[in-house]
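These notes concern the structure reproduced below.
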There are 2 protein chains.
Amino acid sequence: MSAGPEARRVVVTGGAGAIGGVLVKTLLARGAEVTVVDNLSSGRLENLGEATSHPGFRFVRADLMDPKAIAAAFRGATEVWHLAANPDIRRGTENPRLDLEQGTVATFNMLETARAAGIRRIRFSSSSVVYGFPRLFPTPEEYGPLLPQSQYAASKLAAEGLISAFAHCYGLTACVFRFANIIGPGMTHGVIFDFLQKLHQDPTRLEVLGDGSQTKSYLWTQDCVEAMLVAGDRARAPVELYNIGSFDQISVIEIAKKVVHAMGNQAHIEFTGGDRGWVGDIPKQFLMTGKIRATGWRPRYTSAEAVDRTIPLVRAQLGF
Amino acid sequence: MSAGPEARRVVVTGGAGAIGGVLVKTLLARGAEVTVVDNLSSGRLENLGEATSHPGFRFVRADLMDPKAIAAAFRGATEVWHLAANPDIRRGTENPRLDLEQGTVATFNMLETARAAGIRRIRFSSSSVVYGFPRLFPTPEEYGPLLPQSQYAASKLAAEGLISAFAHCYGLTACVFRFANIIGPGMTHGVIFDFLQKLHQDPTRLEVLGDGSQTKSYLWTQDCVEAMLVAGDRARAPVELYNIGSFDQISVIEIAKKVVHAMGNQAHIEFTGGDRGWVGDIPKQFLMTGKIRATGWRPRYTSAEAVDRTIPLVRAQLGF
């Protein structure tokens, strides 16, 4: 993976996002040349930090809904890591066209642009939400039926389908990564973000959406990036699916207690009730990770440790 | 299902297609009011026959890519049967934007228009191609992973995902029908159509794409329509998936022999080789049909009988 005649020249869409930033830094550190394509609708250049002054780095501000604007950025690349998407599930429920465009159509435009540029390797950040409300835990990659509960999930499933079709029709090879909750630096939404904001506004109480029993797997961003890189280098089939998550879980009430503890206050934790936090929420998520484990990859942090590490980062980001 | 204050007022998108025409006639015969929305890109008014003069029938020529054009047609309806799509898998491989637009985006526009009109019941003609190349036969509705092999299949999977998301986010209820090969009157493509055209051009030989071993389930159109109506009336969950197929299969070579026999000639059957007829083809398709069987529905014709009935219809249509 050293630069030179065999250089790895990578396009990262959504490279200014929370996960994208970590991926870009890691790729650069391993000798790749990286072109970030990002419309900065939710991504921020701060997520890229010192990467922006790296000689192998290039930034193209462009929206994937505008194929002409991205064509030049794709030229000469050897692979595309497609991370661009609306990151906030709840926004998509309010405005369903957002995920159709920034998820499904953007993925189609990425694929057509990659095909025109002769790029054959595609890596895609899908999500465990494609499983809908699974009835099987841990949930394997082969699980069905796939009944999305949100526009965001529908767009991830649609994007997976497009990637599979392009791989089989036009000879691309693709890795599809179905993420657990990925947490770490640069987060702009999610349960830790919400809890800290609520406690900042009212330190006496913390309202938890749902009954607190929602239980999910949380993975530290750098662990997620390492998993994708290991899996991507080993993929052989036209389309490989990988669940990417930690090997354990944590409940919403445990996260609430951690946040209250970190803020050093005595907030009373209150529950709105119901087994689901909000429309489109998936109350239980626990992925079978045998396939990614088989590559030798192991997460550095557990779900609880990832939460512990993320809380101060989000606090610093929110400025309190 | 009689007309009156409780009248069933149905929008059928793609109602001028081969399956749509039979559905529309059946709905009218059962007392429903039917509005067909069709852009006539592949549908033809002949498929509707005498239905066009029925007092409960209305035709709106409109494209689902133009939501404003369809809004009036949806107003006051109680359910939408969404059959509109590019019907020819191979066209989508040549022009992938076709299925993105006429499949995925058209379905999104249908759903948004239905939601705005307060229509809560959606019926959708999906396809067994969402299963990709399944490794399990007969293939149950819960099969995974879903790895589409064509743009058409990707658009069907994307549409299923959108329907599931709308059902769960906005309270619609939906039936998704995953069709085997549906054959009958009004066909404009498919293996019987191709074989007859080839034999008409050269009665001495019939070239079969692949090695002839491809084996699929064929279902007579009226049987398919009856299955959808029975299942739709019993559906309870937000989204119900139903495989819709005959209870048996037939191979491509058997179909070739039937066509040669029907043409009364001695054509030599030749094979191009390979287990797949063409890019995006699914060589083996056999659906688990226990769920639709449980409604009491039974197909009137086997796969072979459906083929036998279809051959003279396609010949008459082709004019020889």
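Where a number appears in this text, it was derived from the coordinates with a stated rule and is not lab data. Keep in mind that what you see is a predicted model, and the values were worked out from it rather than measured. Cβ placement follows ideal geometry from the backbone for every residue including glycine, while neighbour counts extend to all protein chains displayed.
Quick one: work out the % antiparallel among DSSP beta bridges in chain B, nearest 5. Please report the intermediate quantities before stating the final value.
Numbers: 2 of 42 bridges.
Roughly 5 percent of the beta bridges in chain B run antiparallel, per DSSP.
What FRET efficiency would be calculated for the residue pair residue A:40, residue B:189, taking the C-beta separation as r and a Förster radius of 35 Å, to the nearest 0.05? Walk me through the intermediate numbers first.
Details: r = 45 Å, r/R0 = 1.28.
Efficiency for this residue pair is about 0.20.
For a distance above 20 Å, tell me the whole-number percent of Cα pairs in region B:230-305 that qualify. Mind showing how you got there, number by number?
Working: 1501 of 2850 pairs.
Considering region B:230-305, 53 percent of its Cα-Cα pairs are separated by more than 20 Å.
Going by the alpha-carbon gyration tensor, a ≥ b ≥ c the square roots of its eigenvalues, is the protein assembly as shown rounded (a/c under 1.5) or, if a/c is not under 1.5, prolate (a/b greater than b/c) versus oblate? Walk me through the intermediate numbers first.
Values: a/c = 2.17, a/b = 1.56, b/c = 1.39.
The shape class here is prolate.
What spacing in nm lies between the two simple spin-label points modelled at residue B:95 and residue B:309, each 7 Å away from Cα in the Cβ direction?
Calculated label separation equals 3.3 nm.
Taking the DSSP beta bridges in the protein assembly as shown as the whole, what percent of them are antiparallel, to the nearest 5? All intermediate terms of the calculation are to be shown ahead of the outcome.
Details: 4 of 84 bridges.
Once the DSSP bridges in the protein assembly as shown are tallied, antiparallel ones form about 5 percent.
In nm to one decimal, list the spacings between the residue A:72 label point and its equivalents in the other copies, with label points set 7 Å along Cα to Cβ, shortest first.
4.6
Which value, to two decimals, describes the C-alpha radius of gyration of chain A once divided by 2.2 N^0.38 Å? Provide the component values of the computation, followed by the final result.
Numbers: Rg = 19.1 Å, N = 320, 2.2 N^0.38 = 19.7 Å.
Relative to the 2.2 N^0.38 Å estimate, chain A comes out at 0.97.
Using a label position 7 Å from Cα in the Cα→Cβ direction, what is the ascending list of nm distances from residue A:88 to the same site in the other copies?
So the label point of residue A:88 gives 4.5 nm to the other copies.
At 7 angstrom along the Cα-to-beta-carbon line, where would the label on residue A:308 sit relative to the other copies? Give the distances in nm, shortest first.
Copy-to-copy label distances at residue A:308, shortest first: 7.4 nm.
Among all the lysines, which ones have a C-alpha under 25 Å from residue A:216's C-alpha, if same-chain residues fewer than 8 places away are not counted?
A:156, A:198, A:257, A:258, A:284, A:291
Would you mind pulling out the separation of the Cα centroids of region A:146-216 and region B:115-173, in Å?
Comparing the Cα centres of region A:146-216 and region B:115-173, I get a distance of 21 Å.
Within a 10 angstrom radius of each residue's Cβ in B:292-302, how many Cβ atoms of other chains show up on average? Whole number is fine.
Numbers: counts 0, 0, 0, 0, 0, 0, 0, 0, 0, 0, 0.
Partner-chain Cβ atoms within 10 Å, mean over residues of B:292-302: 0.
Top mean-square fluctuation among A:123, A:91, A:178, Gaussian network model of chain A, C-alpha springs under 10 Å?
A:91
Label residue B:230 and residue A:261 with points 7 Å out from Cα along Cα→Cβ: what is the distance between them in nm?
So the two model labels end up 5.9 nm from each other.
Just from its helices, what would the mean residue ellipticity at 222 nm be for the protein assembly as shown, if runs of 4 or more DSSP H residues each count -39500 (n - 2.57) and the sum is divided by every residue, rounded to the nearest 500 deg cm²/dmol? Before the final figure, lay out the partial values.
On the way: 22 runs with 234 residues, N = 640.
Per the formula, -11000 deg cm²/dmol.
Quick check for you: which residues of region B:154-193 have the amide N under 18 Å from the point 7 Å beyond the Cα of residue B:248 toward its beta carbon?
B:180-184
Normalised by the number of residues in region B:80-236, what is the relative contact order in percent for Cα pairs under 8 Å and 6+ residues apart?
Numbers: 174 pairs, mean separation 38.3, N = 157.
Contact order relative to length: 24 percent.
Averaged across the residues of A:148-157, what count of C-beta atoms belonging to other chains lies within 10 Å of each residue's C-beta?
On the way: counts 11, 7, 5, 7, 1, 5, 13, 5, 1, 8.
Taking all residues of A:148-157 together, the mean is 6.
What is chain A's relative contact order, in percent, from Cα pairs under 8 angstrom and six or more apart in sequence? Working shown, then result.
Numbers: 673 pairs, mean separation 55.8, N = 320.
Relative contact order of chain A: 17 percent.
Just checking the output field for B:165-177: average partner chain Cβ neighbours within 10 Å of each residue's Cβ?
Working: counts 17, 4, 3, 12, 12, 3, 0, 0, 0, 1, 0, 2, 0.
Shielding by partners across B:165-177 averages 4.
Quick check for you: which residues of region A:158-202 have the amide N under 18 Å from the point 7 Å beyond the Cα of residue A:270 toward its beta carbon?
In region A:158-202, the label zone of residue A:270 (backbone N under 18 Å from the point 7 Å along Cα→Cβ) covers A:194-202.
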